Amino acid sequence: MFGSSTFQHAGRVRLWTLGLLGVGTLVGHALGLWAPDAQLPLAVLLIAGVGIQHGALDHILHAHMHGDPEGPLRQSFALPYIAGIGVAWAAFETVPGIMLGIFLLVSAYHFGMSHLRVDAMRRNTPRPAALSGLLLGLALIAPLVTRPDALMVLADFGWAIRPGFGGNTLPLQLASGAALLFGLLLHRTWRNGLLVLGGVLIAWLVHDLLLAFALYFALGHSREAFFEEFQERQSVAHDFRMLYLKSLPLSVAFAAMAGVILWLASGGLLRERAALSFLLAGTLPHIAVLEGWVTARAR
């Protein structure tokens, strides 16, 4: 999964993604039926082992993108990055409904573009349009965020989606239908319909919400983003193991911060929504950096 051969060919990357998502969905479904207590540890393992590293490489990726191939962790990058998390967290707590909408749109765009950039390499076509990336991202996350358990989380941010008819799975049914329709339309150009189908199956078959998200985030988005970032932006695929090790200090730091936040929430010293807001806020500077929306001086 982390070997350099994983990053040699875009077509193989997609096949690995589909295979891993398929196996992960089956494993997640089986755990929900026969070993529900194992769902949370698996989700944490995926997020800690793959997902956090995906974000903890930001200082290296930023440096390579802006002309510093060694990628040191400089104050000019780290301080604005950390401040950005704090500003986003404060905004989540001040206007939670608005920030949730911004978060979902920005995340959908980031997820969709990460896959379409791999698709562009697979098909040797120009960089995809932003609208296509947004539509693909919405197709991928809509089923996940309209599950009944996810709607309960959205309600904490002021999004009360309660259909008065059709049962509590109606939003998931509608979102899945729309996702498959978008996936069919995008498949005509990008041949990525199976990716959307995989997202729908995860939403329906994996019982635990966190595990469902972790499967897509770690085995889908993060893996393909690794490939796109290293091949397209840096051509340093052969250094992946070294870069992964360089990500560990920031991974440990962020995991420690997240652990403190979750500990405060579990002890009743911090609201659960505030703890979740911190985790969501932590992803926004990451997206802004990798999509090239902001930059800090690298020298």
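Within the chain, which is the longest segment containing none of the chymotrypsin sites (Phe, Trp or Tyr not before Pro) that sit in a DSSP loop and have at most 11 other Cβ atoms within 10 Å? No qualifying site falls inside 1-164, the longest such stretch. Farthest towards the positive end of the charge dipole of the chain, among the residues 221, 181, 286, is the Cα of 181, using unit charges on the Cβ of Lys, Arg, Asp and Glu.
For the chain, return all DSSP H helices satisfying: extent of Cα atoms along own axis at least 27 Å; mean Kyte-Doolittle hydropathy at least 0.5. Intermediate values should be presented prior to the final figure.
Details: long enough: 10-34 (36 Å, 1.00); 75-94 (28 Å, 0.93); 96-123 (40 Å, 0.66); 170-190 (30 Å, 1.08); 240-266 (36 Å, 1.45).
Membrane-span-like by this criterion, though nothing is claimed about a membrane: 10-34, 75-94, 96-123, 170-190, 240-266.
The helix-only estimate of mean residue ellipticity at 222 nm for the chain, built from DSSP H runs of length n ≥ 4 each weighted as -39500 (n - 2.57), is -22500 deg cm²/dmol after division by the residue total. Centre-to-centre, using Cα atoms only, segment 93-148 and segment 239-299 are separated by 20 Å. Counting other Cβ atoms within 10 Å as a rough exposure proxy, the listed residues 122, 14 run 122, 14 from fewest neighbours to most.
The numbers here are math on the coordinates, done by the rules we state, and not lab data. Note that the coordinates shown come from a computational prediction; the quantities given were computed from them, not determined experimentally. Glycine gets a Cβ as well: all are built from the backbone with ideal geometry, and neighbour counts include every protein chain shown.
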